[in-house]
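Reviewing the structure listed below.
The values are calculated or read from the model by the stated rules, or taken from the named source; none is laboratory data. Computed from a predicted model, the values in this text were never measured in an experiment. Neighbour counts are summed over all protein chains in view; Cβ atoms, including those assigned to glycine, are modelled from backbone coordinates with ideal geometry. Remember, those area values only see protein heavy atoms, side chains included, never the ligands or the DNA or RNA. Shrake-Rupley method; radii C 1.70, N 1.55, O 1.52, S 1.80 Å.
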Amino acid sequence: MSAQPLRARAQAAVEAELGRQGVRTTVMAENGMRLDAGGHDSRGPVAIAVSLAVPAVLSPAALVLLAAG
C-alpha cells in the first residue's frame, strides 16, 4: 500500500479521535500540524535498502574473484 492512502487513513483516525474527545477536528490544521512528512520520508528506507544491497552485491563478486585467483 502506498503512503498516500495510509496518511489519509491516519488523518481520518486522528480527526475521529479528536471528535471523540470533544476537540475541534480542525485543531491540527489550525496549528500547522499534519501527518505528511513533506517528501523526505523516503530517505530512511532508501538508506537501509542501499546498506543491505551493497554487501549483497559485493559478496558474490568477492567470491568470484577469490575463486579465480
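Note down the net charge around residue 23, summing +1 for each Lys or Arg and -1 for each Asp or Glu among other residues with Cβ under 10 Å from its Cβ. Cβ neighbours under 10 Å give a net charge of 0. Computed from the Kirkwood radius of its Cα pairs, the Stokes-Einstein diffusion coefficient for the chain at 20 °C and 1.002 mPa s stands at 135 µm²/s.
The residues of the chain expose, per residue, 80 Å² of accessible area to a 1.4 Å probe. With 0.36 nm allotted per residue and the present C-alpha distance subtracted, the residue 9-residue 31 stretch has 5.9 nm of extension available. The magnitude of the dipole of the chain, with charges of +1 and -1 set on the Cβ of Lys/Arg and Asp/Glu and taken from the Cα centre, is near 60 debye.
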